[in-house]
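S.K.: I'd like to ask some things about the structure below.
The values are calculated or read from the model by the stated rules, or taken from the named source; none is laboratory data. Because the structure is predicted, anything quoted here is derived from the model rather than measured. A quick note on method: Cβ atoms are made from the backbone with ideal geometry, for glycine too, and the neighbour counts reach across all protein chains shown.
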Amino acid sequence: MTTPAEADRRPPETYPGLTVLSWNIKVGRPFPAVRDRLQAWLAEHGPDVATLNEVYGHARDIATAFGEEWRVVYDTTSGAPEAHDVVVLVRRGPDLDVTERGFLRHDLPWRGPERRDRHGRVFPYVGLDHGGRAYLLIAVHRVPMPRVNTDSYREESAMLRDFATSRAGRRETYVELGDRNQTLTQPPGASGQEYAAGIGARYVTGAGVDAAVVRDGLATRQRLGRGGSDHEAILWRIG
């Protein structure tokens with residue numbers, strides 16, 4: 001395997017890049033339909049990582065169904081509200097090392113689309129080494145309806161900004177992926193572009209409210225269709 005020091009001397013175009021499938025699966029339908037559609041995309045596109053939002057009751061099903069070929073990262077211990085909302089899958093293979101894993105959490109109040117009061121979010125992150133290049137990827141599912149949850153949205157943005165800033169200066173490509181990821185429809189003065197610029201990153205639209213924030217790297221995307229959800233799945237290439 002190429003070491004990070006050797007990778008630093010390589011031309012950028014020789015890096016393998018990281019391929020990530022992101023999909024809000026929109027739980028509420030039978031798990032076999034979700035499993036079969038996800039399995040088909042994973043087999044067809046061969047991503048290194050998959051980030052899944054709105055998983056909830058399917059988190060353990062996903063871990064059981066995909067655990068042999070994928071490292072499955074989700075909150076199994078805290079019991080926090082929304083703890084099983086986001087799941088990260090990392091392909092098992094000798095060319096893809098997991099160097100760290102963890103969770104960014106808050107307990108802020110927010111109101112959902114059905115107008116029920118809720119609180120808290122859990123965002124899993126993973127550090128990866130792929131072909132001698134380091135990545136830190138965090139999967140986010142922001143509090144909904146930013147104009148309703150303005151204060152919580154701003155605090156959540158500040159939490160993410162502090163986390164991203166704490167990683168500044170490291171030899172890694174920093175990536176945030178997810179639903180309502182610093183969206184363009186959030187409160188005035190806090191757009192996705194402003195957030196990204198504030199951490200020295202780029203904001204890249206995906207489909208609808210799904211987007212990427214990438215620092216020290218480039219992102220391109222391919223839309224794969226909805227697969228039964230009301231969100232389109234996106235195949236991101238991070239280089």
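S.K.: All but one of (1) at pLDDT below 95; (2) surrounded by 15 or more Cβ atoms within 10 Å (Cβ to Cβ) hold for GLY28; state the number of the condition that does not hold.
M.R.: The number of the failed condition is (2).
S.K.: Residue by residue through the stretch 112-127, note down the ones that are in contact with a helix residue (DSSP H, G or I) (Cβ under 9 Å, 6 or more places away or on another chain) and surrounded by fewer than 21 Cβ atoms within 10 Å (Cβ to Cβ).
M.R.: Correct list: HIS119 only.
S.K.: Taking the stated definitions as given, is VAL55 farther than 23 Å from ALA164 by Cβ and crowded, with 20+ Cβ neighbours inside 10 Å?
M.R.: yes
S.K.: Going through the stretch 60-87 one residue at a time, which ones are polar (S, T, N, Q) and either part of a loop (DSSP other than H, G, I, E, B) or under 17 Å from PHE123 (Cβ atoms) (or both)?
M.R.: Of everything in the stretch 60-87, those that are polar (S, T, N, Q) and either part of a loop (DSSP other than H, G, I, E, B) or under 17 Å from PHE123 (Cβ atoms) (or both) turn out to be THR76, THR77, SER78.
S.K.: Can I ask one more? Return yes or no: is GLY57 at pLDDT below 95, at positive phi and either in a helix (DSSP H, G or I) or small (Gly, Ala, Ser) (or both)?
M.R.: no
S.K.: When you scan the stretch 194-208, do you find a residue that is touching a Phe, Trp or Tyr at 6+ places or on another chain (Cβ under 6 Å), closer than 27 Å to LEU42 by Cβ and at pLDDT 90 or above, even just one?
M.R.: No, the stretch 194-208 contains no residue that is touching a Phe, Trp or Tyr at 6+ places or on another chain (Cβ under 6 Å), closer than 27 Å to LEU42 by Cβ and at pLDDT 90 or above.
S.K.: In this structure, does VAL90 turn out to be modelled with pLDDT of 95 or more, within 16 Å of the chain's Cα centre (by Cα), in a strand (DSSP E or B) and under 22 Å from GLN222 (Cβ atoms)?
M.R.: Spelling it out, VAL90 is indeed modelled with pLDDT of 95 or more, within 16 Å of the chain's Cα centre (by Cα), in a strand (DSSP E or B) and under 22 Å from GLN222 (Cβ atoms).
S.K.: Starting from residues that are in a helix (DSSP H, G or I) and among the β-branched types (Val, Ile, Thr), keep the ones in the stretch 140-165 and report whichever is surrounded by the most Cβ atoms within 10 Å (Cβ to Cβ).
M.R.: Among residues in the stretch 140-165 that are in a helix (DSSP H, G or I) and among the β-branched types (Val, Ile, Thr), the one surrounded by the most Cβ atoms within 10 Å (Cβ to Cβ) is THR150.
S.K.: Next question, about the same structure. Looking at (1) at pLDDT below 95; (2) over 17 Å from the mean Cα position of the chain (by Cα); (3) closer than 27 Å to ARG221 by Cβ; (4) not polar (S, T, N, Q), can you tell me which one ARG116 breaks?
M.R.: Answer for ARG116: the failing condition is (3).
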